[in-house]
Each structure stands twice: as C-alpha cells, then as structure tokens.
Amino acid sequence: MKAFVTILFLLYHFLLLHQPSSSLPLCTDLRAPLISKTPLAFCPYNGSVCCDSAKDLQLQKQFHAMNISDSGCAALMKSILCAMCDQFSAQLFMVESGPREVPALCSSTLLVNSSQSNRAAGSFCSTVWDACQNVSILSSPFASSLQGSNVGPADSGSSKLNQLWQSKSVFCDAFGGSSYDGSICFDGEQVSLEKSETLALPKGLCLEKIGNGSYLNMVAHPDGSNHAFFSNQAGKIWLATIPEQSSGGTLGLDVSRPFIDLTDRVFFDSSFGMMGMAFHPNFAHNGRFFASFNCDKIRTPGCSGRCACNTDANCDPSKLNSSNAAPPCRYHKVIAEFTVNGTISKHSSEQSASPSEVRRIFTLGLPMAFNHGGQILFGPADGYLYVMVGDGAIRDDPYDFSQNKKSLLGKILRLDIDNLPSANDIGDLNLWGNYSVPQDNPFSEDKDLQPEIWALGLRNPWRCSFDSQRPLYFICADTGQDHYEEVDIITKGGNYGWHVYEGPFLFNPQQSPGGITLANSIHPIFPVLGYNHSDINKKEGSAAVSGGYFYRSSTDPCMFGSYLYADLYGSGIWAAAESPENSGNFSTARIPFSCAHDSPNNCSTIPGSSLPTLGYIYSFGEDNRKDIFILASSGVYRVVCPSRCNYTCSKENVTAISLPTHSSGKKLTNLHRVLCLSFFLSSMLYFVI
C-alpha cells in the first residue's frame, strides 16, 4: 500500500508541475495593454489593446504592401496582422518561446482544450490555408519557418502558401502553436476568455508553527533541496533545513551559527536594516549571493555614494526637509555581493559565507529616511535582478519621486549582474554600481526613463513574487498611506499611479513642494487586489500589506491557484482567485485561519478568539516544494493539510478527525499522511485503472 500511495502521489505531482502557463493580459513587448484614447483606424480592436495609433498605421502599411488580390484571403491576413493589437498578444505570439511573425492559429486540437471562447466551428488554421494557398502574398509573414521548428518551408522565395509549405497539415503543424490545456490561440477575432466557473476560495487556512524565531526574509536554496535561507532585519542570514510535511519536525536552524553575519555594517532601526537577499540561480555552482541593506555613512566605513536627490532628477538636497533630524542622504540603500566559503554542498546546513564583500552592486543615497523598499529577487524567466525601491517619504511623496522618470525612487529596477561593466563604463554610463542594464529595459522605448527602471509609480513595494507556474506573472504588494493597500501585476514600463493615485482613488497630497503630476498626463495601471484600511480594524485601521505567493503546493488542494497575502497587523489574511480563469481579474475574500492541534510548536491564541497569535506578519516564503510559509513576529508558520484544522476540503476527500498525539505534540501517525494524500489517490485511480 505504501508503494502504491507513493507512485500515485508522484504521478499526480508530475502532472501538477506540468500544467501550462496561464494567460494574463500582456503585450508582445511585455507591457500591460492600455485603453486607447482614440479608436484604432485600421484594426477593429477596442477597449484594452496593445496598439496605439502609430502601431495601427504601421500594420495598415504592412497590409497594403502585401498586395493581396483575393478579398477573402485579404480579410484573413488583416485579422492575423491585427492580432498584434490583442490584449493577449504576448500569449498569441508565444513570446516566452521566442519571436514569431504570426500568432498561434487555432487548429481543431487547440479548440478542444483552449481556455478561450470556442467561436470557430473548425480549424482557423485550415481556413487560412484553404483561402490563401493559391494567393500571392508579397512579404508574407509565413515565408520563414518558426524558430526551432523541424519542418521548414518548401520554397522560401515564393509568395503562395502551397509553394511555401508542402501541405495543409505541415503548414498548421508550423503555425498552429501548442495544443495543451489553457492555451490561447487566434481564431480570427479578438480573444475572449470563457466565463468559466470561478475558482472556489478555500474554507480556511491551516497552519503549523515550525519555528519560534522572527525573520524578515525566506529564500529557497537554489539547488532544489529541502534547505532555505532565513534572514533578520539586524543583518544575519541562516541556512535552515525544512522538515517534511506531517513529520512533526521543526525548522532545523542553529541561531548560534549564522550562514553570514553582516550586523557590523547594517544600520538597524525601525525602518532600516537588511531588507532583502537573493541567491544567484546558479548559486549551487558559483556561490554568488546578494544582500540588500541600509548603511549609515557617519557610523559605517565605506558607506558612501550619490544621493538620489540630484540635478539629473531635478532635485536640490539643500532644499529637502530633514528627516529624523538627519541630513539628506546620510543613509544609503546598498546591494552587495558575497560568496560562499570553500566547497558548496547542497546537503550541508553548516555552510558559511565570508562577510567580506566581493563587490558593491548598487548604492543609492536616500534623501529621506522612510519607505525605501529593499527586497531583491531574480526573475525566473530572464535571470536578471529585480530591485524594489520605495519613494523614500513618510507621507505624500512630496517631491514626486515616484513619477519622476529620472529618479530611481518609487520604482522597480531591473539589473544585469552577470555582465559587469568596467570602472570606466560605470562612470561613462552614470551607473549606480557594478551592473549593466538589460537592453530590453523600458528605456529602449521611452528615452525619458532612467535605464535601470522596469516599472514606476510605487509607494513602498513590500514583497513581490513570480508565480512558479507563470514565469512572466510578476505580482507585488504596494503599501498605501491613508486609505488603501494594493496588489499589482507588474509589467514592463508600467506606471502604478502613486502619488497621483492611492490604489484606484485619486490622491491629493497635503504637501508637494516638488510639484504634482497631473492625472491626465499618465496611464496608470490600477491594482488587481486591495483593501481599505478600515477592513482590518475600524478604529485603528490597517498597518501595511504584505505580499505573498500563488499557492502551487499539493499539500492543500483547495488552496491551489489562490494568491495569498496579508496585513502586517497579523489578523487579516486573504486568498484571491482569478475570475474568469486566466483573465487577470480577481475575486478575493478574507479567510479564517487556525493552528493545527498537533503543531510541532505550540501556537498561542488571541484572548477571546480561536485565532492564533501571529503578531506582525512580516513576509511570506516559498520552499522548493512550493509550500507556503508565513514569517511573523511570533515565529515561522507553514500552510498544512486543511483537515488538521478541521477545515473541510472536498478535494482532500477526507473527513477531518482528531488524531492522538504524543504528549509533546510532535508525534504524527502514518495514517494522517495517507489521509492528506487521499485526494491524489482518488483523482489518479482512474488513470491507473
């Protein structure tokens, strides 16, 4: 029985991990679509689109240059060209797998499994072939085979499909795209997703407390093992072993033996400290990792650099109001590179690193001593380092740094730390440290932007993540000021509105010596999720949003696909689901949570309530098994099987029962493990039989 359970679990887990990337509105340049101010003249697209009038005119000229004599073929070719304007064009043109000149044309296999509305009675790819196979098309986009395709055109010098491609089936094999579930394909019209049933939100969140320490960051070890790094605000990082689910084990972390201790160079205060860490995707081989922290140039040797308030940003430090009685740019935001001592072992929790910096990657003098972000993480799709930077102000962003395209404050930056510049290049290019700028950063299209900027208009991004199943799905929480906490999908060059907007609402700063950006001068991207401050506590309001992760673990099948986020105060946790599926539109609900009765460490409860006392929720974490963790002031908590808290989950297919535990509360029976896997057994039994 044990072997049978194991085989079925592995089979289910394999299928779970190989589900396709879901779609979200995104253009081929990885920017978010915009509402066009004027209707497009050539392409029949409206609402949220990926073309402006200039792109529309370019497509019109390209179409006329084809000189297509047959009206039926011409209409189809026009629709194919105009697919570039669709709000889902990034998925239609499959940008993750490389550039292509035409969208993935719906074929019969695609239509069966596609998540979009099935408007076409047959294969659109076949329709294109039938109408255009004998028609001359100058400069045909079908003249070159797809990158990586093993079936090439018959004659690349021809202009008719039947001269270019050997048959309809060969043509549709090349241009029909993938045929997996959830795919988006082009059927001749603007993409419209099916109004499928909304993903049911979970009944509750069951937690177990596996550690008593208080940490600000958690990063899974890049080697894929059961190890993870934890760091505190004071400047220490530990390498810990994550116990197996339902094992009764606790976090394997020796507080007396940190992986690295940077407390001698980290300035630690209520709003300062080591705010982030990131490990190179190839860390298991090169040992490179990065710490994001604050330093004080008066107390710490080597703490120096340019002030973010400078002439390039049209800012005069002498005119800034002092903060905390400190002069402007006394404090700096630093990203430094370090390396591991000796041989790297994926199974060693006793690994250590030298506290000596390899190089200073980035230094930014902070004009004011507040809201400076600090998280860093590597993009799973591109390997670049993303840096979250707040507006620096305690209120109002009075100098409008977030909207200033020459300021790095209130931004998300994207840096290349693998191709390092020379000392001369750093000066010539006016860089802020040892990095290079990816050539496809938004500045390549918007010359007004500082080259490092990926997105702008943020107040204080606090905890961002990439969906492990959708490497382009970048989601960030951004802390509000007076009324609203928000969560945003971050896209290339996106402007998220602050300080013109707070969430979806117009914002009127009480002080603005640096000027105000007019609302009609920007194209803000509004949050996909959020909550009013009074939703947490009608008297005190909320503290600040803590962004989390899309839940992709097999532990709680009713939570799968939901995005989890919370408020710093620790009494509010939300789960959000896309509705309709893959649309980028979310429904959300504040969900109950409790601590498993057999938690390895005891969970105290709020007096007069069954809620566990989490204290402050600082952050979320995700390990290599995709289990989700909550980092709170009272300890480290992990999301576990819902039945352990008597929450009903039909997909778990188990009636919650109370299991006998050892007096220590740490002994679990194998029966409980089987119960937590019963959903997988029942769902996979059909395939085995």
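Summary of values
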read-out	value
Single match in A32, A74, A54 (criterion: open to solvent by less than 50 Å² (accessible area, probe 1.4 Å), farther than 20 Å from E189 by Cβ and modelled with pLDDT of 80 or more)	A32
Residues located in region 237-266, provided they are touching a Cys at 6+ places or on another chain (Cβ under 9 Å) and open to solvent by less than 20 Å² (accessible area, probe 1.4 Å)	S246, V266
Lone unmet requirement of (1) surrounded by fewer than 23 Cβ atoms within 10 Å (Cβ to Cβ); (2) more than 25 Å from G302 (Cα to Cα); (3) over 26 Å from the mean Cα position of the chain (by Cα) for S352	(2)
Given (1) modelled with pLDDT under 95; (2) closer than 28 Å to R414 by Cβ; (3) not in a loop (DSSP other than H, G, I, E, B), index of the condition P328 fails	(3)
Filter result for L506 (at pLDDT 95 or above and either in contact with a Gly (Cβ under 8 Å, 6 or more places away or on another chain) or among the hydrophobic types (A, V, I, L, M, F, W, C) (or both))	no
Residue list for region 94-106, restricted to those being open to solvent by less than 10 Å² (accessible area, probe 1.4 Å) and of a type in the set (A, V, I, L, M, F, W, C)	V102, A104, L105, C106
Residues of region 274-287 that turn out to be within 24 Å of the chain's Cα centre (by Cα) and open to solvent by less than 40 Å² (accessible area, probe 1.4 Å), as a count	9
Candidates G480, G427, G457 - the one that is of a type in the set (G, A, S) and modelled with pLDDT of 95 or more	G457
Pairs with Cβ under 9 Å, 6+ apart, first in region 370-383 and touching a residue at least 40 places away in the same chain (Cβ under 8 Å), second in a loop (DSSP other than H, G, I, E, B) and of a type in the set (F, W, Y)	F378/Y384
Flag if S292 is open to solvent by 20 Å² or more (accessible area, probe 1.4 Å), within 19 Å of F362 (Cα to Cα) and either assigned to a strand (DSSP E or B) or of a type in the set (S, T, Y) (or both)	no
Single residue of S271, S246 found to be modelled with pLDDT under 95 and more than 26 Å from the chain's Cα centre (by Cα)	S246
Filter result (touching a residue at least 60 places away in the same chain (Cβ under 8 Å), more than 21 Å from P461 (Cα to Cα) and out of contact with any strand residue (DSSP E or B) (no Cβ under 7 Å at 6 or more places or on another chain)) within region 259-289	D264, N282, A284
Test for A455: is it touching a residue at least 24 places away in the same chain (Cβ under 8 Å) and closer than 30 Å to S553 by Cβ	yes
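The values are calculated or read from the model by the stated rules, or taken from the named source; none is laboratory data. Given the structure is predicted, the values throughout are model-derived calculations rather than measurements. Cβ coordinates were reconstructed from backbone atoms using ideal geometry, including for glycine residues, and neighbour counts include every protein chain displayed. These accessible areas exclude ligands, DNA and RNA; they are computed on the full protein's heavy atoms, side chains included. Shrake-Rupley method; radii C 1.70, N 1.55, O 1.52, S 1.80 Å.
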